[in-house]
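First comes the structure, then the notes that go with it.
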Amino acid sequence: MRWEEVCDNKILQDLPFKIELNKWGQIVMSPVKIKHSFYQGRIQRLLESCLHTGEVMPECAINTSDGVKVADVVWCSEARFTQIEDEVSASIAPEICVEVKSSGNSLEEMEFKQKLYLEAQAIEVWLCNEQGEMKFYNQQGELEKSVLVPQFPKQIKRKT
């Protein structure tokens, strides 16, 4: 199956799962819990408050060497957004790709996606674990903090 077919298939439109394709065109579905949605939304809002240029987007489909993967949150510069905005799935990864771990994800799967996004030309990949702890990566490996958004917190918390 191709990503365009997934997007056009009426049966797949309103599923409560994140859908991705592997390199063989097989659909991979990942159900998410409320906490996953909370972290995803909070990361998106924090990114929007830290960066005043480019586009912050949830659920961005990205072409990778292992099929189409859907990053939970991304930030894209104006230049890169102009390049991908009319595509069905991004031919080049946004500069920042964020994955939020859900109970269905293994650490190995998260690390695999990190490599796929960097291979697809992301500059940084951020991983958020189930406790809201953030880790930042680039081509050289793990970073102490994001180079692109150094003020981004290392811990996602609820508003109090």
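The table below gives the values:
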read-out	value
Beta bridges per DSSP with both ends in the range 47-160, % antiparallel, nearest 5	75 percent
log10 of Debye I(q)/I(0), alpha-carbon scatterers only, for the range 32-143 at 0.12, 0.13 Å⁻¹	-0.36, -0.43
Where labels lie 7 Å past Cα in the beta-carbon direction, separation of S91 and I34 in nm	4.3 nm
Sites matching trypsin sites (Lys or Arg not before Pro) across the range 105-160 that sit in DSSP coil, with at most 11 neighbouring C-beta atoms within 10 Å	K157, R158, K159
Given K10/K101; K135/K159; K35/K145; K10/K135, the pairs whose alpha carbons are separated by over 30 Å	K10/K135
Estimated FRET transfer efficiency (S106, E48; beta-carbon r; R0 35 Å; 0.05)	0.70
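Read-outs throughout are calculated quantities, based only on the coordinates presented, and are distinct from any laboratory measurement. Since the model is a prediction, treat every value here as computed from it, not as a measurement. We place every Cβ from the backbone using ideal geometry, glycine too, and count neighbours over all the protein chains shown.
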